[in-house]
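Just below is one structure, and these are the notes that go with it.
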Amino acid sequence: HSLPPMASRILLPALLLLVCSHCGVAAARKARGGEASSQVKFDFSPFLIEYKSGVVKRLMGTDRVSAAADPLTGVTSRDVTIDPAAGVDARIYLPSFRASTKVPVLVYFHGGAFVVESAFNPIYHAYLNTLAAKAGVVAVSVNYRLAPEHPLPAAYDDSWAALKWVLANAAAGTDQWLSQYGDLSRLFLAGDSAGGNIAHNLALRAGEEGLDGGARLKGVALLDPYFQGRSAVGAYSADPSFLQSAARTWSFICAGKYPIDHPYANPLMLPTASWQHLGASRVLVTVSGQDRLSPWQRAYYSALRSSGWPGQAELYETPGEGHVYFLTKMSTPQAQAEMATLVAFINRDD
């Protein structure tokens, strides 16, 4: 129905005002929502940024390469599912040779401060291809869940589940590569940075709980491991701002569940008797000279040697290089020398 002229002159401006007002309120709400979604909750650069909206933006380590036969090394890889419910999987690497005797099994844990990277990243794929070829091992690169969506101990639990999967499938013959070529009496754990931290903590758990399938943990390689604590342990770790930042980031990684002086982060806090549970015959610790974590890495090596642990501990240092340099500088003489040290550590007869 049409409105009388007088009513139109009165009501239409009012309706227009109401509509404009509603649009203005909606626009303001949208603006406020956009502002909230862009507000930073935790800045963990250069790894990631978490926003108050719950969005996590990873700044690195998100590239992925498919498993395949590698023409440079002759290594073939394929992916396997460890826990479909949790989304835990792994990539297995097999060298080109088909030895009549079985070869060591290496379970590898990638780094990335527990928050970035994956077993399928091109950098780790290239590194594991090279390591599997040079060491002549069946390698299993574990893809564990990341913080902050899955704070610690998720990475430890996922990695333990992956290790158990390797042992079970090798013993039962359900994974042909592991059962046909893998020698569980020569089992090795290795990892860089956060992965080195995981390897250490899994070795402790293996010593405490034992391993299935007749497996024997021969060695653990901790490559520039992610260890740190609340107190300085050397001249390079005495910066108060660095110690405070380290405590904040560790709290972010574990959602405040463990203090930075918990043995998960700082093995120096382990009781002396606990070192006896390290279930390996030998341990290799690598240190890069310009790594700010190097004081804790050296202190770990010293504590292990003085603990009465009956195994063999080896320290390998590379002066003038930064944290896990060997991943991105694989062709340099320093990285090749470190790779040769790791290969010799795995293949040593004892």
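A few notes on this one:
- Those residues of the stretch 147-177 which are open to solvent by 30 Å² or more (accessible area, probe 1.4 Å) and either farther than 15 Å from Lys257 by Cβ or not in a loop (DSSP other than H, G, I, E, B) (or both), in sequence order: Asp157, Ala161, Lys164, Trp165, Ala168, Ala171, Ala172, Gly173, Thr174, Gln176, Trp177
- Contact map, the stretch 290-306: first residue at positive phi, second residue part of a helix (DSSP H, G or I), Cβ cut-off under 6 Å, separation 6 or more or different chains; the map is empty.
- Of the residues making up the stretch 134-146, just one is touching a Ser or Thr at 6+ places or on another chain (Cβ under 6 Å) and either of a type in the set (A, V, I, L, M) or open to solvent by 30 Å² or more (accessible area, probe 1.4 Å) (or both), namely Val142.
- Residue count for the stretch 191-242, restricted to those that are under 16 Å from Leu270 (Cβ atoms), touching a Lys or Arg at 6+ places or on another chain (Cβ under 9 Å) and open to solvent by 50 Å² or more (accessible area, probe 1.4 Å): 1
- Val343 being surrounded by 15 or more Cβ atoms within 10 Å (Cβ to Cβ), touching a strand residue (DSSP E or B) at 6+ places or on another chain (Cβ under 6 Å) and either among the β-branched types (Val, Ile, Thr) or under 18 Å from Asp192 (Cβ atoms) (or both): no
- Annotation: of all residues in the stretch 272-292 being open to solvent by less than 20 Å² (accessible area, probe 1.4 Å) and part of a loop (DSSP other than H, G, I, E, B), the one that is farthest from Ala215 (Cα to Cα) is Asp291.
- When restricted to residues that are closer than 16 Å to Gly196 by Cβ, open to solvent by 50 Å² or more (accessible area, probe 1.4 Å) and in a loop (DSSP other than H, G, I, E, B), the stretch 308-340 contains 1.
The values are calculated or read from the model by the stated rules, or taken from the named source; none is laboratory data. In this text the structure is predicted, and so the values were computed from the model without any measurement. FYI the Cβ positions are ideal-geometry reconstructions off the backbone, even for glycines, and counts take in every protein chain you see. The protein model used for the area step is the full one, side chains on, heavy atoms only, and it has no ligands, DNA or RNA in it. Shrake-Rupley method; radii C 1.70, N 1.55, O 1.52, S 1.80 Å.
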